[in-house]
1. Could you go through region 46-58 and let me know if any residue there is open to solvent by 90 Å² or more (accessible area, probe 1.4 Å), touching a helix residue (DSSP H, G or I) at 6+ places or on another chain (Cβ under 8 Å) and at pLDDT 90 or above.
2. Please indicate, with yes or no, whether at least one residue in region 83-91 is open to solvent by less than 70 Å² (accessible area, probe 1.4 Å), at pLDDT 95 or above, assigned to a strand (DSSP E or B) and not acidic (D, E).
3. Residues of region 59-80 being polar (S, T, N, Q) and open to solvent by 40 Å² or more (accessible area, probe 1.4 Å), which ones?
Amino acid sequence: MATKAAALILLGLLCIEFASAELVVDCCLTVKSEKRLNPRNLVSYSVQRAGMGCDISATVFVNRRNMKLCVVPAEGNPGVQKLIDFLEKRRNHH
């Protein structure tokens, strides 16, 4: 009886450990300049923040081929902010 209780406790601890494990995050490892991006080829974007599961901050654009393009963060980079504004405007019109 004691071994069953110990086994259940051990199983419970293992479940808690698996539940608290970090999820795998698809992070940008490097960033490029936004100068070569054509806004018409972009379909969406997301913001990656350093310390939130990733090592660096980045703006992640997705193009029509479903490729993720990692560029510098929008903060202090008007070219990136312009691309984000373009996508937001297009999304609000559809």
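1. Filtering region 46-58 down to residues open to solvent by 90 Å² or more (accessible area, probe 1.4 Å) leaves 49, 52, 55.
Narrowing further to those that are touching a helix residue (DSSP H, G or I) at 6+ places or on another chain (Cβ under 8 Å): none.
Looking through region 46-58, none of the residues is open to solvent by 90 Å² or more (accessible area, probe 1.4 Å), touching a helix residue (DSSP H, G or I) at 6+ places or on another chain (Cβ under 8 Å) and at pLDDT 90 or above.
2. no
3. Within region 59-80, the first condition is being polar (S, T, N, Q), and the residues that meet it are 59, 63, 66, 77.
The answer is N66, N77.
The values are calculated or read from the model by the stated rules, or taken from the named source; none is laboratory data. Everything numeric here is computed off the predicted structure, so don't read it as measured data. Cβ: placed from backbone, ideal geometry, glycine included. Neighbour counts: every protein chain shown. To get the accessible areas, we keep the full protein, side chains included, count just its heavy atoms, and leave off ligands, DNA and RNA. Shrake-Rupley method; radii C 1.70, N 1.55, O 1.52, S 1.80 Å.
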